[in-house]
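The structure under discussion appears below in the form of structure tokens.
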Amino acid sequence: MYLKRLVLLVLLIGLILCAGFAYMVYNALLSSNTTFEESQVTVFIPTGSTIDDVAEILEPYIDNSDSFYQVARRKHYDQNIKPGKYVLMKGMNNNDLINTIRSQNTPVSVSFNNQETLANLAGRISQQIEADSISLLEAFQEDTFLKNNGFTNETALAMYLPNSYEFYWNTTAESFRDRMNEEYSRFWTEAREKKARALGMSKTDVVSLAAIVQKETAKVDERPRVAGVYLNRIKLGMKLQADPTVIFAIKHSSGNYDTIIKRVLYRDLKLDSPYNTYKYTGVPPGPIAMPDISSIDAVLNSENHDYLYFVVNVERFGYHMFASTLAQHNRNKTQYIRWLNQQNINR
């Protein structure tokens, strides 16, 4: 009788222990361990993070760090931490949390517009992915990469087409650069290359001219006409005489690209810079900014006309007045100069 009671007692204790263990496992593995009120939150886990780093990142969003540690080690997450951007949902348990930050790296949308320099581009991209601006700039300017892909330090900016692209947040500087090169190659279809050859221009020459067109007019519908003016000048061997190139030359010479110049002065036209198209014939040695695709296509599909000059239309701001003769251009230009003086725009 005593032995039977002892066996029952042992079984009862075992059941209690099993129930306690099952409850602990449930709490650690399957019960909710989030504290945020929002439906979801986003966390970023940097490259090289340890389990302690991850726990610190998650601390504001989870209720029990100890149980998270336990499950993380049981699932060997601490030995295989993946960097990236992760979306945590309200009510997730530790098992859900580990599965999410282990395998559900969420892409980010990376966008950039008409940056004037590679340094500016690096700064813009570093705000959107893990790579810092220094590593990005070094990747952009890497000699071997540029040489192998037909670029120089002057033309490298032509490779980056302003747009929105999907990347993983933990994309390296080199991977970002290589992807942009792929996008550039994809953009330059055989049809576009054929049009560039018909103009007697290289791809980077087209982009360099498109950058000038971009700076000259914000009106997409006017860009083919502006491009036609510059292509007419190139055919006749005339200098482009584009004010945006002078402004860029001033910035390039000083190294200060944040300078705001609203008016080009006659003395500026004498600046000895390969980017000064008042002094040197042809397109500059590289783009003065990143042109939109619409500006590149405007050069490749320019309007056929006999205009050689244009100036701001003060009666229709954003657009320009075009002229085929210098006499007509000077009459148009007089109106613009008068307006500048009335507005006291001296620089």
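The values are calculated or read from the model by the stated rules, or taken from the named source; none is laboratory data. From a predicted model like this one, the values you see are computed outputs, not experimental measurements. A quick note on method: Cβ atoms are made from the backbone with ideal geometry, for glycine too, and the neighbour counts reach across all protein chains shown.
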(request) Take the residues in region 249-264 that are small (G, A, S) and out of contact with any Phe, Trp or Tyr (no Cβ under 6 Å at 6 or more places or on another chain), then tell me which one is farthest from N341 (Cα to Cα). (result) G255
(request) Of all residues in region 289-309, count the ones that are closer than 28 Å to A327 by Cα, surrounded by 14 or more Cβ atoms within 10 Å (Cβ to Cβ) and among the charged types (D, E, K, R). (result) 1
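Is it the case that region 189-208 has a residue that's acidic (D, E), at pLDDT 95 or above and crowded, with 16+ Cβ neighbours inside 10 Å?
Within region 189-208, one or more residues are acidic (D, E), at pLDDT 95 or above and crowded, with 16+ Cβ neighbours inside 10 Å.
Of the residues A218, A227, which is of a type in the set (A, V, I, L, M, F, W, C), buried (at least 24 other Cβ atoms within 10 Å of the Cβ) and out of contact with any strand residue (DSSP E or B) (no Cβ under 8 Å at 6 or more places or on another chain)?
Values: A218 fails: buried (at least 24 other Cβ atoms within 10 Å of the Cβ).
Residue meeting the stated conditions: A227.
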(message) Can you confirm whether S109 is within 17 Å of G48 (Cα to Cα), out of contact with any helix residue (DSSP H, G or I) (no Cβ under 9 Å at 6 or more places or on another chain) and hydroxyl-bearing (S, T, Y)?
(response) no
(message) Can you find, within region 150-188, the residue that is surrounded by the fewest Cβ atoms within 10 Å (Cβ to Cβ) among those that are of a type in the set (A, V, I, L, M, F, W, C) and part of a loop (DSSP other than H, G, I, E, B)?
(response) W188
(message) Can you tell me which of (1) modelled with pLDDT under 85; (2) in a loop (DSSP other than H, G, I, E, B) is the one H305 doesn't meet?
(response) (1)
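Against the condition closer than 27 Å to H252 by Cα and either in a loop (DSSP other than H, G, I, E, B) or in contact (Cβ under 8 Å) with a residue 60 or more places away in the chain (or both), how does D205 come out, does it pass? Spell out the reasoning first.
Working: closer than 27 Å to H252 by Cα: yes; either in a loop (DSSP other than H, G, I, E, B) or in contact (Cβ under 8 Å) with a residue 60 or more places away in the chain (or both): yes.
The answer is yes for D205.
Which ones in region 132-187 are among the aliphatic types (A, V, I, L, M) and closer than 27 Å to F44 by Cβ? Quick ask: steps written out before the conclusion?
Step one: list which residues in region 132-187 are among the aliphatic types (A, V, I, L, M), which gives 134, 136-137, 139, 146, 156-159, 161, 173, 180.
I134, L136, L137, A139, L161, A173, M180, listed by residue number.
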